[in-house]
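In what follows, a single structure is set out as structure tokens and then discussed.
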Amino acid sequence: MFFSSIFRLNSDTGFITDGFGNYSSDLQCTWLIDSGKDNVPIRMSLDHFQTECIWDHLYVFDGDSVFAPLIGAFSGSFSDLGSKSITEFETKSGKTYLYFYSDAAYNMTGFNISYSINSCPKNCSNHGVCVGNRCTC
């Protein structure tokens, strides 16, 4: 079975997930985070990530399509080791395109990604205030 969906996100903050429980077989999902402006940073945090290593992938692009610069390709399992998020990354074009693919075999718990538009790294680690996407004491 093949399932494809496209989601357009334009809220200042939000979450991206593959759904509840284990993700489906033969899944292809696309998300576009659109700030509505050019050259605005969009920060994302992998809060949970577990896919079938080598076979199921999440691709992140800095732009509005797969032809934009590739920021990362994620597959396998990441553990948080007690921190809030596993990893944080950023796009700078004002748009972020995410593409997830799963094959027909083994399915895992998937992923949860939080994002924020025009925010500071790690929310200034709760020390200082975010002004113009820079932390200020």
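The values are calculated or read from the model by the stated rules, or taken from the named source; none is laboratory data. Note that this is a predicted model, so its numbers are computed, not measured. Cβ placement follows ideal geometry from the backbone for every residue including glycine, while neighbour counts extend to all protein chains displayed. Surface accessibility is based on the protein's heavy atoms, side chains included, excluding ligands, DNA and RNA. Shrake-Rupley method; radii C 1.70, N 1.55, O 1.52, S 1.80 Å.
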Selected residue [modelled with pLDDT of 90 or more, hydroxyl-bearing (Ser, Thr, Tyr) and in a loop (DSSP other than H, G, I, E, B)] from Ser85, Ser114, Ser119, Ser65: Ser65
Number of the exception - Ile42 against (1) surrounded by 20 or more Cβ atoms within 10 Å (Cβ to Cβ); (2) at pLDDT below 90: (2)
Enumeration of residues in the stretch 68-78 that are part of a loop (DSSP other than H, G, I, E, B), open to solvent by 30 Å² or more (accessible area, probe 1.4 Å) and either farther than 18 Å from Leu27 by Cβ or in contact (Cβ under 8 Å) with a residue 60 or more places away in the chain (or both): Pro69
Cβ pairs under 7 Å, 6+ apart, first in the stretch 93-121 and under 10 Å from Ile33 (Cα atoms), second hydrophobic (A, V, I, L, M, F, W, C) and not in a strand (DSSP E or B): Gly94/Val40; Tyr97/Val66; Tyr97/Ala68; Ile117/Val40
Residue within the stretch 96-111 that is over 23 Å from Asp18 (Cα atoms), open to solvent by 30 Å² or more (accessible area, probe 1.4 Å) and modelled with pLDDT of 90 or more present: no
Any chance Leu32 is at pLDDT below 90 and either under 11 Å from the mean Cα position of the chain (by Cα) or surrounded by 14 or more Cβ atoms within 10 Å (Cβ to Cβ) (or both): no
